[in-house]
Each structure stands twice: as structure tokens, then as C-alpha cells.
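The numbers here are math on the coordinates, done by the rules we state, and not lab data. Because the structure is a prediction, the values reported are computed rather than measured. When we count neighbours, we look across all protein chains shown, and the Cβ atoms used for this are built from the backbone with ideal geometry, even at glycine.
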Amino acid sequence: MTICVCGSINADRILHIDQVPTVGATVAAKNLTVGPGGKGANQAVAAARAGAPVAFIGQHGDDEAGDLLRHAIMAEGIDCRGLRQVTGPSGQAMILLQDDGDNAIVVHGGANTTWTGLDPEQAAIIAGSRALLLQREIPLNIITQAATIAREAGVPVILDAGGSLTPVATDLLALVDLFSPNRSELAACLDRELPDDEDDLIEQATEWCDSVANATGRMPDLLLKNGAAGSCYIHRDAAGHFERIHRQPALKVPVRDTTGAGDCFTATYLVARTIEGLPIDDAMRFASAAAALCIGRDGALPSMPHRADIDALL
Ligand code: RIB
């Protein structure tokens, strides 16, 4: 059974610069490259290269970029029966990539944002999958529809918070089994700046999980990606409180390009945990190795590591 990824697919235009400019400044890019990306497509490819059977549900436009994107994802052996071509431009991301590997991204959603609903074939792919992986670069009604279909079919739902810096609606969280934000996305959910100290950060995240669970009766486990500080997993203890913590330090590796590293982490964690049934700690270690390889390479989708490389690093 496949991991079904439902989400965005973009043409990434990567501008290599010294530093992201301040407001009002003009800077010259040293290089411009174009390649496939988008949080959904990145996660589909990361999962496929890690060894899982994958189906991708998404939309691209009827432009030249659309052809490039479809070929990029089909070349990975991913089931593309749920990938639609629609009239209009494909999604595009302008990625300002600094010398230190950090970035700032502006996305024009294009075809990713013109979905009106999932069709019966797409719904059947979701309902027949082993797990559903979502992000937030497509319309909220599609995310909610996909999660609802999965939930009714007993398919676990994983929501990566990437793609929006707005708080996640609690009624969407109620459909989700695992929620995975990065630091900025968690700050948006908590509506406050987060502390640097990891223990304080985990305490605040845990309180938020408890408060959502108390308000809605249901809160997913939380897998926090905290960049170079590593990752942590928060889930319920026997008494029903969000307490038990797994921590995974990030591997120290040279950084070329952090674009897509969060996508890589969530997707490869899911492969290790859901498809291979590894314990949480081992799945986090696997994802951490995959993300370390991703940040050592250029680009988003092309930088997703293959299984043999992940195994070699572990
Ligand atoms: O997470 C990285 C991705 O964000 C890029 O590939 C870009 O397309 C944007 O969606």
C-alpha cells in the first residue's frame, strides 16, 4: 500500500545571493537555477527515494513548467493517477538562497490554488493508501476534504504545517494523527515567540497540545523540527497528558542549501515509522540522517536522498 501525498508542486527559481535583502534594497544574484519543488512534490519524492511506494495527488498548469514538473515526479516511479493538469500557470517559488544555506521563499501558488475539490479517483487513492501526508500549500478546503476521506477510511493522517504561517484550525487538527511544524510554524500556532532553551520550548509546546486536546477532545502527536537544534516528538503518556518526549539532535554536516530539509524530514520519518514500523526514536534518527543529506545538496526536490545514502550515513 502506498503513502499518499496530497499537496503542492512548484517550479523553483533559485536565486543565489550573499544575504536576503532588507526592505528597499536591491541585490545582484550570483546565479539563477530552475528546478522542480513544492512541498507536496518534495515529500512525495523524499518518501519514494527512501523506499516507499508513493502516490501523489496535485495540480500543475498547462505551461512549460507543468511538463517539467510532471516528468520530474513520474521519473521517480510515483503513482501519478491523481496528478491533474489544469488551465493556467503552474505554481512557482522564488527562493532567495543565502551563502550560508538559509533561504527566504515567495510562492505564487498558480495551479496549486485553483482546486475546487478532490474527484472520485483522487478520493479512492486516498482511501486505499497506508497513510496520507499533507502540507499547507494548497487550499484549506482540499486539505480538510483529503483528511476527512482518510479519517473515514481509517487511514492515518500526517499534517506538515509547512506552507503557511497561520495557526492551524483546531477542527483540522482533530482530523490529524501527527502534526509536524517547524519552529516558526509552531510559534504561529502558539501566537508568541518561542524560547531558545529546548526544555522551555518543549514545555510550551506540551502545554499547547494539552490545551487543544482539552478544547477539542482530540490533539495529534507533535513532531517538532527545530532546525540545527534537532527534533523532538511529544505524545500522550498513560494518563492522557502530552508529556513523553523523544529527542533527536541534528547531525552536524556542512550546509549547502536548507531548502526542502523539513519536507525531507517529515516524509522520511513517515516511511520509517509507518511503512517499516520502526520505533519513534529510530524513525527520527532515520529522518535526521535523510535531512542531513538533503542540506548538503543543491535544490529542493533534486536534493532528496536515496535509501542507500541514508543507510550509509546511519
Ligand atoms: O519547502 C521547500 C519548498 O517550499 C520549495 O520547493 C518551494 O517550492 C516551496 O514550496
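Quick notes on this structure:
- Lys/Arg +1, Asp/Glu -1 at C-beta; the range 1-157 dipole; positive extreme among Ile126, Gly101, Ile138: Ile126
- Within the listed set Ala289, Ala50, Ala124, the Gaussian network model of the chain (springs between alpha-carbon atoms below 10 Å) gives the highest mean-square fluctuation for Ala124.
- Within the chain: Cβ-based charge dipole about Cα centre, in debye rounded to nearest 20 (Lys, Arg +1; Asp, Glu -1): 660 debye
- For Leu278 and Arg192, the difference between the fully extended length at 0.36 nm per residue and the C-alpha to C-alpha distance is 27.6 nm.
- Remark: the range 82-128 is approximated by an ellipsoid whose semi-axes, taken from the C-alpha gyration tensor as √(5λ), come to 31, 15, 7 Å, largest first.
- Of the trypsin sites (Lys or Arg not before Pro) found in the range 12-94, the ones in coil according to DSSP and having at most 16 other Cβ atoms within 10 Å of their Cβ are Lys30.
- Between amide H atoms placed 1.01 Å from N, distances below 5 Å from Asp160 occur with Leu134, Gln135, Ser180, all of them 5 or more places distant or on a separate chain.
- For the range 175-270, alpha-carbon Rg relative to the globular expectation (2.2 N^0.38 Å, N residues): 1.09
- Debye, to nearest 20: dipole size of the range 138-203, +1 on Lys, Arg Cβ, -1 on Asp, Glu Cβ: 540 debye
- Restricting the range 191-259 to trypsin sites (Lys or Arg not before Pro) that sit in a DSSP loop and have at most 16 other Cβ atoms within 10 Å of their own Cβ leaves Arg192, Arg218, Lys252.
- Scalar couplings 3J(HN,Hα) for the range 113-125, obtained by applying the Karplus form with A = 6.51, B = -1.76, C = 1.60 to θ = phi - 60°, are 9, 9, 5, 9, x, 7, 8, x, 5, 5, 4, 5, 4 Hz; x denotes Gly and Pro.
- The chain: proportion of alpha-carbon pairs further apart than 31 angstrom, %: 25 percent
- The range 1-158 shape via C-alpha gyration tensor axes, a/c threshold 1.5: prolate
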